[in-house]
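What follows is a set of notes on a single structure, which appears directly below.
The values are calculated or read from the model by the stated rules, or taken from the named source; none is laboratory data. Computed from a predicted model, the values in this text were never measured in an experiment. Cβ placement follows ideal geometry from the backbone for every residue including glycine, while neighbour counts extend to all protein chains displayed. These area figures cover heavy atoms from the full protein model, side chains too; ligands, DNA and RNA do not enter into them. Shrake-Rupley method; radii C 1.70, N 1.55, O 1.52, S 1.80 Å.
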Amino acid sequence: MLSSSSSSLSSIYRKKYDVFLSFRGEDTRKNFTDHLYAALKRIGIVTFMDEPKLEPGEEIAPELFQAIQESWCSVIVFSETYAFSSWCLEELAEIVKQRKERGHKVFPIFYEVDPSDLRKQSGKVRQAFAEHEERYKENKQKIKRWKSALTEVANIKGWHSSNRHESEFIGDIVKKISAKLCQTYSVAPDELIGIDSSLEDLHSKINIGEDDVRIIGICGMGGIGKTTLARVVYAQISPHFEGRSFLANVREVSEKCGLVSLQKQLLSQILMEEGINLFNIHEGNIMISHRLSRKKVLVVIDDVDNLQHLKCLVGSRDWFGLGSRDEHLLRSYRVDDVHKPTTLNEKESLRLFSSKAFHSATVPKNNFIEASKRVVKYASGLPLALEVLGSFFCGRDEAQWRSAIERLKRDSNREILDRLQISFEGLEETEKNIFLDIACFFNGEEKDFVINILDGCEFFPHIGIDALIKKSLIKIEGNKLRMHDLLQDMGRNIVRQKSIDEPGTGKRCRLWEEKDVYHVLINNTATNAVEGIVIDTKGCKNRHTHVYHLYKLKWVNLEGSQNLIKSPDFTMSPNLESLILEGCTRLVDIPSIGGLSRLKLLNLRGCRSIRSLPTKIEMESLEKLILSGCSGLQSFPEIDREMQNLLEIHLDGTGIKELPSSIRHLTGLKLLNLKDCKCLRRLPTIFVGMGSLEKLILSGCSNLERFPKIDDGMELTL
C-alpha cells in the first residue's frame, strides 16, 4: 500500500531526476557505471551522470550540487580509488547532508571493495585520507566531514559485486531501485484520493508472490477511475516482473491504428527492443506466444471493449491486468477475479474536487464551501466529473461560480457527457433503446415493471438489461433499476440532440419534461418519431390531456395525475402497448381504449372515480388488466371476441355487481381476482370448462349469493 503522505509525494514530483550517480570516473565510467546508467535509462528511470569534461577541476562544479538536490536518490559506486577523489568525497558529503535535511535516499554499491575498509577507513582508504590530510592541512573540518559521510554511507545496506556476473548484478540493482521508486510515487497525490480500499482489494486478488498465472479484471462505469487504479497498481508491482507493458486506450488505438500496432507496442515495451516488425495479427500472436511464454511479465490492457483485443494481445495466460467496462467480456476470457471500483463518498469527493479547484485538500473558509458541496452533489461521487468540474471552477470568482452552478442544473458539462457516451456507443441497437428508456423514464422503477413494458416493445429486455448491468451502465438495488445521475443526463442529452433546434416540436422519440409534453399535446405538434411519454402531473392543474398523431407511441404513464378528469384520446395511437393511469383518483372517463388492438397492459389501479369502461373491448393483445380499487366501477364490459392473451384480471375492491357471460372468450385467463368485491352478487356459470383458469380469488365477497362450480385443478380462495 502507499504510505507516503500527499506533501511528500508533491515534493517528489518536483524533482528533476530520479537518480544521481556518484562514482570515480577513472575506475568505472567506461564499464560498470556506464552499463548501470544505460540499464536505468532503458526502463525510464531519469538518471543524472556527470559529463567527463566536468571532472578535471579541483572544486566540485555547482551544477553537481544542484543535480544532487534535484534528485530523489543517489546511487554511490564505491570503487578502489573512490576515496582518493576529493571531488567524490565532496559529492558524498553533500549527499549525506541532503539525506539528513530532506530525506534524500542513498543506495551504496560496493564494487570490488570491502565495506569494512570504508567504515573503518583502513587499507587503501587510510592511504587516501593520509594524502587528503597532507593536502588540506588548513581545513581539518573538511576532512572530518568527509570521514563522517563515508562512515555513515558505508553502514547503509547496499549491493556487493562479490564476483557476480556484471549483467546479473546490474539487473538486480535496477530492479530494486525501480521498486523503491514505485513504492514512493506511483501517481500524483490527487489521484490517490479514495482508492485505498480498492488498492487493498486488488493487491489481495493479484496475490503478488505467487508463482501461478493470474488474470485480474477491473470493470466499472466510465469515469469511475479504472485506469487510475490500474496505473497505480502497475507502478507498485511492476518491479517484481521481468517485463512490463501498459497499453492505454486500447479501444481507441485499435480503431485508429489497428491491433498490430498494439502488438508491436506490447513486444517493444516488454522486450525493450525497437523496430519490431509485424505484418499481420497472426504473426503478432505467434511472436507474443513464443517470446513471452518463458518470461514473468505484467501487462495492463486499458479500455477493453472487444474479446478480440484480448485474444490478440494476451498470447498466453500469465500475469495480466485487464481494464474494461464490460464484466461479461472479462468473465468470457476466464479471468481469475474481477474488481469493481465504487464511487467516492462525500468526504473523498470534496477532497478530490478541492485538489483541482483550489489546489488544496480543503475548501477555503468562505462562500465557496456551500457552492463546492453543490457541485460535489451534482458529480455523485464520479471521479471523472469531480476532476473535470474542479478544473473548470479553478480560478473563477464567486459570481462565475454561481452562474456556472445554475447552468449545470439545466445543461450538464459537455466534456463529462462526451466521455461517458463512449460506453453508449458500444451498445447494440436494442441495448441503446433500453438504456435511453431507463434514462428518460425508468430510473428507480421496479425491474419487473420495466421488463413488462420493454418486452412489449420487442427489446428483449431480459438479456438487454443484463448486458447493461454487465457493462456497468445500470445496477439493481432492491429489485429496482438504478442509473448514475450523470449517465441519466448523458442518455437524456442524446435524445435532446435529435431535435436540438426544435425542443418542443414532438420530433424527439421520448418526452419526459412537463413543458415539452404539454407543448406537444396542447399544440398538436406530435410526429411519428414519438415512442414514449411520461407526465408527472401531480401538481398540474390541467384537467384534460390530448394525444394526437402519435403513431409510434407504445406506452404512456400518467400515474398519480390526481387532477386528470378525462383521459387522452388514444384513437390515433394504434401501437400503444402499455397504458398506466394508476392513482388518477379524479379520472372519470376513458372513452378511447376499447379498440387498442396492441395494448398489453392496462393499469387503472386506484381510479376510484371511474364509473364505467367502454361497453365492449376488443383488445386482442391485452395480457394484464388491473382495475384494483376502482370502487366506483359497477359493470364489466362485454368481451366481443376471443382474447386468448389476457392472463390476469384484477377487480379487487371494485363496485362490480356481476360479470358478463362473455367472459368465456378469455380462453387464456389464469388469474381472476375478485377480492373484497362487496357488491358482487352473481357469477356466471361458465367457470367449469375454463381450463386455463388456475386461480379464482373470492375472499371478502360478502354478498355473493352462491359460489360457482369450478374445475378440480383450479385454486379457489374464499
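Between the helical axis of 281-292 and the longest alpha-carbon principal axis of the chain there is an angle of about 50 degrees. Per-residue surface analysis assigns K264 an accessible area of about 70 Å², computed on protein heavy atoms at 1.4 Å probe radius.
Full extension of the segment from L307 to A529, taken as 0.36 nm per residue of separation minus the current Cα-Cα distance, would add 76.4 nm. Here's the picture: charge each Lys and Arg Cβ at +1 and each Asp and Glu Cβ at -1 in the chain, and of L417, T81, A61 the one pushed furthest to the positive end of that dipole is L417.
One Cα centroid belongs to the stretch 116-167, the other to the stretch 393-449; the line between them spans 66 Å. What share of the DSSP beta bridges in the chain is antiparallel, in percent to the nearest 5? Looking only at bridges with both residues in the chain, the antiparallel portion is about 5 percent. Against the main long axis of the alpha-carbon atoms of the chain, helix 196-206 sits at an angle near 80°.
Residues of the stretch 21-54 falling in the label zone of E112, defined by backbone nitrogen less than 16 Å from a point 7 Å along Cα to beta-carbon, are 23-36.
Projecting label points 7 angstrom from Cα along Cα→Cβ for T362 and I43 puts them 4.0 nm apart. With helices as the sole contributors, the chain gives -11500 deg cm²/dmol at 222 nm; each DSSP H run of n ≥ 4 counts as -39500 (n - 2.57), and the sum is divided by every residue. Computed from point charges on the beta carbon alone (+1 for Lys and Arg, -1 for Asp and Glu), the dipole magnitude for the chain about its Cα centre is near 1400 Debye.
Each peptide in 215-227, 476-488 gets a packing score, the mean of other Cβ atoms within 10 Å over its residues, and the list from highest to lowest is 215-227, 476-488.
Once the Cα atoms are used to define both axes, helix 461-470 deviates from the longest principal axis of the chain by about 20 degrees. At what distance in angstrom do the alpha carbon centres of the stretch 204-273 and the stretch 551-600 lie from each other? So the separation of the two Cα centres works out to 54 Å.
When Rg and the Kirkwood Rh are both derived from Cα coordinates, the Rg/Rh ratio for the stretch 577-718 amounts to 0.94. Calculated FRET efficiency, E200 to A179, Cβ-Cβ distance, R0 = 30 Å: about 0.95 to the nearest 0.05.
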